[in-house]
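Okay, so here's the structure we're looking at.
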Amino acid sequence: MRTVYLDNNATTRVAPEVLEEMLPFFSDLYGNPSSMHSFGGQVARHINEARARVAALIGAEPDEIIFTSCGTESDNTAVLSALAVNPEKRHIVTSRVEHPAVKVLCENLVEKGYRVTALGVDSSGNIDMDEYERSLTLDTAVVSLMWANNETGAIFPVEEAALLAREKGILFHTDAVQAVGKIPINMKGNGLSMLSFSGHKLHAPKGIGVLYVRRGTRFSPFMIGGHQEKSRRGGTENTPGIAGIGRACKLAGERIEEENTRVKELRDRLEREIATRVSNIRINGGKALRLPNTTNISFEFVEGEGILLLMDEFGICASSGSACTSGSLQPSHVLRAMGVPFTMAHGSVRFSLSTYSTDEDVDLVIEKLPPIIARLREMSPYWKEGSVCAAE
Ligand code: PLP
């Protein structure tokens, strides 16, 4: 059976070009880049090249790029660094729809005595900028707002928010794990202090992440040890991963146009066709500025897990909520924050496309999904045809 992989916000396939770039670092180029000998030194040169490629994708300088192990490490490092360099400040501003890499960290920091303002969102997933501005105080050490939401694709106005924070001398971090490679990002001239992203969301392997730290930003490392990454992140470099993410960033730069045209059109067609074939649905975040590859659809009166299991029988991979929260039957914290009614929130499915998604992939979902929903609704004690759609 063919796999129709529409779960690219959970993780992506390693691009063949990326794999090819990585392979020599397991065999011929296995030296330690910190070694004195030229065998290691040649690896260091490849790391520099990868750093330049990563920087180029987001309009940064190479020395503003720190390689980490994943998006979670980058997020944790950024927030904890901001707190460490501002020991007199005890307040953090974030949102209610962050990924657990920021959300759970903030909950943990509350237990340690920090004050956290988690901004709510409206039914489209947008924050209220006036409320945001009012939340910034003299005691605020850091703002951490995601660039794009992993569940709905909704995009926060982080550049505007960062300028407001900068005016007040507050460090601003963004979790851009879902944004980098999908929408153009240019760090030149914006007010962001730190930005996190992760290799496995943009066709590089798992186990490699990036933290951008603007030149001149005070920084306190999370991983303390050797002098790697200019003493900003100890630990022998993941050289295959670094080479891989360098190549993946170069590819992403070349493909970003396609992501915002062909991939977006595929996503839009999927939404349109489902909407004409299935009643009582809601596109979560559909009215917000959104990533081009993501759609999150609620089907009233059915369980998202049931939909996933039946789609799985046809080889279709999608997700209900984020991969990290699936496994629990609680509706996602993102949909709850958006006020999605209970009967809708339980039946939501996220499809996330990539450059490898095809017309045939979308055709299969359009063919198989409507009868799956009909079958599940027949079994639902709550379902009655014509019930009012809780539309946005
Ligand atoms: N932030 C967001 C928005 C994500 O979607 C994810 C992964 O799903 C992460 C952070 C965590 O990244 P990683 O899996 O590389 O730790």
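Is at least one residue of segment 134-143 of a type outside the set (Phe, Trp, Tyr) and either within 21 Å of the chain's Cα centre (by Cα) or within 26 Å of Gly304 (Cα to Cα) (or both)?
Taking segment 134-143 first, the residues of a type outside the set (Phe, Trp, Tyr) are 134-143.
Filter once more, so that each one left must be either within 21 Å of the chain's Cα centre (by Cα) or within 26 Å of Gly304 (Cα to Cα) (or both): 142-143.
Yes, segment 134-143 contains at least one residue that is of a type outside the set (Phe, Trp, Tyr) and either within 21 Å of the chain's Cα centre (by Cα) or within 26 Å of Gly304 (Cα to Cα) (or both).
Every residue in segment 168-189 that is over 22 Å from Cys106 (Cα atoms), of a type outside the set (S, T, N, Q), more than 16 Å from the ligand (Cβ to nearest atom) and touching a residue at least 24 places away in the same chain (Cβ under 8 Å), please.
Going through segment 168-189, the residues over 22 Å from Cys106 (Cα atoms) turn out to be 180-189.
Within this subset, residues satisfying the condition of being of a type outside the set (S, T, N, Q) are 180-185, 187-189.
Narrowing further to those that are more than 16 Å from the ligand (Cβ to nearest atom): 184, 187-189.
The answer is Pro184, Met187, Lys188.
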Failed item, numbered, when Ser35 is tested on (1) under 22 Å from Ile66 (Cβ atoms); (2) assigned to a loop (DSSP other than H, G, I, E, B); (3) within 16 Å of the ligand (Cβ to nearest atom): (3)
Flag if Arg232 is open to solvent by 60 Å² or more (accessible area, probe 1.4 Å) and among the basic types (Lys, Arg): no
Residue list for segment 10-42, restricted to those being within 27 Å of the chain's Cα centre (by Cα) and surrounded by fewer than 16 Cβ atoms within 10 Å (Cβ to Cβ): Arg13, Pro16, Glu17, Glu20, Leu23
Pairs, first within 8 Å of the ligand (Cβ to nearest atom) in segment 136-155, second among the hydrophobic types (A, V, I, L, M, F, W, C) and modelled with pLDDT of 95 or more, C-beta under 6 Å, six or more apart: Ala148/Ile155; Ala148/Ala179; Ala148/Leu291; Asn149/Val97
Entirely in segment 333-387, the helices (runs of 4 or more DSSP H) that have 3 or more residues that are under 18 Å from Thr276 (Cα atoms), in contact with a strand residue (DSSP E or B) (Cβ under 7 Å, 6 or more places away or on another chain) and not charged (D, E, K, R): 359-379
Odd one out for Pro341 among (1) in contact (Cβ under 8 Å) with a residue 60 or more places away in the chain; (2) surrounded by fewer than 22 Cβ atoms within 10 Å (Cβ to Cβ): (1)
Whichever residue in segment 68-90 is more than 12 Å from Ser144 (Cβ to Cβ) and in contact with an Asp or Glu (Cβ under 9 Å, 6 or more places away or on another chain) and, among such residues, is nearest to the ligand (Cβ to nearest atom): Gly71
Residue within segment 249-256 that is open to solvent by 20 Å² or more (accessible area, probe 1.4 Å), under 30 Å from Gly40 (Cβ atoms) and of a type outside the set (A, V, I, L, M, F, W, C) present: yes
Residue within segment 198-211 that is in the same structural domain as Glu98 (by TED's automatic domain parsing), within 23 Å of the chain's Cα centre (by Cα) and away from the ligand (no atom under 13 Å from the Cβ) present: yes
Residue, farthest from Glu259 (Cα to Cα), within segment 333-345, restricted to residues that are modelled with pLDDT under 95 and in contact with an Asp or Glu (Cβ under 6 Å, 6 or more places away or on another chain): Thr343
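The values are calculated or read from the model by the stated rules, or taken from the named source; none is laboratory data. Model, not experiment: these values are computed from the prediction. In this analysis, Cβ positions are derived from the backbone assuming ideal geometry, glycine residues included, and neighbour counts consider all displayed protein chains. Side chains included, ligands, DNA and RNA excluded: accessible areas come from the protein's heavy atoms. Shrake-Rupley method; radii C 1.70, N 1.55, O 1.52, S 1.80 Å.
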